[in-house]
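Accompanying notes for the structure given below.
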Amino acid sequence: MPAGRQGAKVAPAALLSHHIKANILTIFPHQKSVQLNYLLFAVYLVILCSLMLRVPFIKNCGINSGTLLTLFLIKILAGIAIGWISIHIYGPGNDYWDVNDFAREEYQLLHTNPGRYFINIFTSDYQGGYAGMFSSGDSYWNDLKGNIVIKLVSIFNIFSRGDYYINSLFFNFIIFFGHIILYRLFIKLFPGKQLWVIVGCFLLPSMLYFSSGIHKDGVVFLMMAVIVYTVYQSLLKNAFSVKRILLISVSLALLFLVRNFVLLALLPALFAWILSAKTKWNAAIVFTAVYALSALIFFNISSINPEINPPAIITEKQAAYRSLPVAATQIELTPLQPTFKGFAANAPQASMHVLLLPYPGMQPNSLLPFSFELVFYIFLLLRLFFFWRKKDIISDKAFLFFLLFFTFTVFLFIGYIVPNIGSLVRYRSLLLPLIITPLLCSIGWKSLKKINEL
């Protein structure tokens, strides 16, 4: 929602007043001219495709132009699909179209009160001011998660006339850089596995689908990719330059503002990765020690400073999710207690939810594609045990442990706080390239082919 508007969630589009809608139509006088929007979409698509092939970072990534364009068009189609399904299947009031509606309202503000437009994202209308940084509702910081994306889309409206699908085109042009970044990272680790790196970084179904909606998920995906790639490049070149440090810092800050529990999981993983890579110490020992120390700090820092209580933050987030209206994909979640014993007791349930759900046959039927996808990943994992080759496994053990520890920690947090399979799949999908890409590249496919030919 636009900055300064109170409320924990973006309000449904149906709640926009008739007055606001009338003003929006005044600013977009040809809003109903669908044919013109189609034309604009086509023109912008051609321009962005041409621009993409001229950006050095993309152009020099090692993928030929035809494949790049195909992957980009698939990304755009995924953005169209999630937008169409959201409005035609789920109807008004879904997150993706709400962002677009409030972005129109912000664009209206740019015309009527440009001064407020440029400062309202920094102002709070809440009685508590800027308190409640980790609050799950009724705080400036909670609203800011959505406001960042809304403000970005409001800029798109200068060119899109408020059309959702054109805004999706612009949004996914930016997020596509996240896929390219991950590709450039993993192709260094698996130089002879281009096909599987492309599949893992661009084409995993749930990741492709959910990262393509106009939502903060895409921003989270992009920021994670930037951070991981920049740290890897810095370690590879043995130099954390000022430019790289600045890029990492900005990305960490934005990730904190958009989805703070991901940053909470990322920091110890980054520290252990950098420490292990710099010292050449045994990665398993380093990560075990760092995570043991992190757990000690996580559960005891409140005794030093009562205002800092990470277990309580996670517990409050779970309570906030459980207080939302029951969804069609709701699952039972044991109330979390902000203690080590409470987190340990809930760990098996949290792990099972995030690693094994949804399973085939679960209702509603909309979960079926994600069930098949998860079964396929489990199948891949089993294949790895039987058809792996030592030379195919990542030789950089510090990076391998980073991927495993970071992704599982985020998965655990998701399992702790999310009582909805749809949201669980959406959050989980953004981490999949970090574990499925190495998995795809580590299977001895040639060995498998020979066995199948017997």
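The values are calculated or read from the model by the stated rules, or taken from the named source; none is laboratory data. Bear in mind the structure is a predicted one, so any value in this text is a computation, not a measurement. Here the Cβ positions follow ideal geometry from the backbone for every residue, glycine too, while neighbour counts run over all protein chains shown.
Of note:
- Qualifying residue in segment 105-116 (condition: surrounded by 19 or more Cβ atoms within 10 Å (Cβ to Cβ) and within 21 Å of the chain's Cα centre (by Cα)): no
- Members of segment 240-293 that are in a loop (DSSP other than H, G, I, E, B) and of a type in the set (Ser, Thr, Tyr): SER241
- Helices (runs of 4 or more DSSP H) enclosed by segment 1-81 - at least 3 residues per element that are at pLDDT 50 or above, out of contact with any Lys or Arg (no Cβ under 6 Å at 6 or more places or on another chain) and loosely packed, with under 15 Cβ neighbours inside 10 Å: 34-52, 56-59
- Residue among SER154, SER160, SER135 that alone is closer than 30 Å to GLN318 by Cα and more than 18 Å from the chain's Cα centre (by Cα): SER135
- Considering residues of segment 82-93 that are assigned to a helix (DSSP H, G or I) and either not small (Gly, Ala, Ser) or not assigned by TED's automatic domain parsing to the domain that holds PHE171 (or both) only, the residue surrounded by the most Cβ atoms within 10 Å (Cβ to Cβ): ILE82
- The condition of being of a type in the set (Phe, Trp, Tyr), out of contact with any Lys or Arg (no Cβ under 8 Å at 6 or more places or on another chain) and not in a helix (DSSP H, G or I) holds for only one of TYR96, TYR107, TYR165, TYR130, that being TYR130.
- Subset tally (residues that are among the charged types (D, E, K, R) and assigned to a helix (DSSP H, G or I)) for segment 190-239: 2
- Residue within segment 329-336 that is touching a residue at least 24 places away in the same chain (Cβ under 8 Å), touching a strand residue (DSSP E or B) at 6+ places or on another chain (Cβ under 7 Å), over 30 Å from SER234 (Cα atoms) and among the polar types (S, T, N, Q) present: yes
- Output for segment 154-192, where each listed residue is basic (Lys, Arg) and either under 22 Å from MET52 (Cα atoms) or in contact with a Gly (Cβ under 9 Å, 6 or more places away or on another chain) (or both): ARG184, LYS188
- Segment 294-314: number of residues that are closer than 24 Å to ASN142 by Cα, in a helix (DSSP H, G or I) and without any contact (Cβ under 8 Å) to a residue 24 or more places away in the chain: 3
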